[in-house]
1. Look through GLY224, GLY181 and report the one residue that is surrounded by 14 or more Cβ atoms within 10 Å (Cβ to Cβ) and at positive phi.
2. If you take the residues in the range 146-204 that are over 25 Å from VAL91 (Cα atoms) and in a loop (DSSP other than H, G, I, E, B), which one is modelled with the lowest pLDDT?
3. Going by the structure shown, is GLY95 touching a helix residue (DSSP H, G or I) at 6+ places or on another chain (Cβ under 9 Å), at positive phi, crowded, with 18+ Cβ neighbours inside 10 Å and not charged (D, E, K, R)?
4. Among the candidates LEU105, LEU122, single out the residue that is under 21 Å from HIS198 (Cβ atoms), within 17 Å of the chain's Cα centre (by Cα) and part of a helix (DSSP H, G or I).
5. Limited to the range 68-92, what total is found for residues that are surrounded by fewer than 18 Cβ atoms within 10 Å (Cβ to Cβ) and assigned to a loop (DSSP other than H, G, I, E, B)?
6. Only residues that are of a type outside the set (S, T, N, Q) and buried (at least 17 other Cβ atoms within 10 Å of the Cβ): list them for the range 116-134, please.
7. Among residues belonging to the range 191-221 that are crowded, with 20+ Cβ neighbours inside 10 Å and among the small types (Gly, Ala, Ser), point out the one that is nearest to GLU139 (Cα to Cα).
8. Among the residues of the range 150-178, how many are surrounded by 15 or more Cβ atoms within 10 Å (Cβ to Cβ), over 27 Å from ALA116 (Cα atoms) and not charged (D, E, K, R)?
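The values are calculated or read from the model by the stated rules, or taken from the named source; none is laboratory data. Everything quoted here is computed from the prediction, not taken from an experiment. Cβ: placed from backbone, ideal geometry, glycine included. Neighbour counts: every protein chain shown.
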Amino acid sequence: MVSRHAGGGIRLVTRALVCTVAVAAAVVAGACSATRDERGARALPAECGAAPLYVALGDSTVEGVAATSPRHNYVSRLHERLRAVYPNARVDNLGVSGAVSADVLRHQLDRAVKLAPDLVTLSIGPNDITGGVSVDEYEKHITRILGRLTRETRAVVVVNLLPDLAVTPRFRQSDQRDAVGRLTVWFNEALERQARAHGVEIVDLYARSRDEVPRRPELVAADGYHPSDLGYARWAELMWTRVAPKVARC
């Protein structure tokens, strides 16, 4: 917008408006920026009196299928660990049994972004494998999910590599074992590739499951596939190894 004066010249009157907009944009950018640790990496709030929000995305393992109660799934157990540091920590579990990566993209991601979380965990992929989703399609979905989480939230984002489905009782004696085992490797390669490209935290459940499940069958529920209460507790413990360095020191 301009105004004319007697000499016919044009005097800009928008300078104050431009400055105001610039300041407002800087404030908004600051509000959306992540807390950073001493190395410049994303971190949870530095004050233990804060009320960080943890949002969990994914499938039946996030919902907690086969746990004896919701408080025994890994999301609730991880929330308990957060509350030991931040007594006011909150959780919103968006996981849905049967979800594939496309479901996270279409039905969970918008909600997660709007919640403005401080911590996000993502566990998705086994249903893509058993449902015939291609590795390329899966990787495209993961790219879009992680892209939005890292661009549009301040959250520390933690993804877990998929456990080795081939070592579970459901597939161990099945003629699908080798195929499922190969697909798990390929899907994990895609997941890890995108996790590293987006700078998010990675928990290697694949190696842990191959080592621990054959030795500790009690980690798997009676359905032969989902974690038991003990399995979810171990899952939360492993996830915490990537979250713990990001929390406040009180």
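1. Among GLY224, GLY181, only GLY224 is surrounded by 14 or more Cβ atoms within 10 Å (Cβ to Cβ) and at positive phi.
2. GLN173
3. Taking the combined requirement at face value, the residue does not satisfy it.
4. Exactly one of LEU105, LEU122 is under 21 Å from HIS198 (Cβ atoms), within 17 Å of the chain's Cα centre (by Cα) and part of a helix (DSSP H, G or I), namely LEU105.
5. 4
6. PRO117, ASP118, LEU119, VAL120, LEU122, ILE124, GLY125, PRO126, ASP128, ILE129, VAL133
7. For the range 191-221, the residue satisfying everything is ALA195.
8. Looking only at that region, the number is 7.
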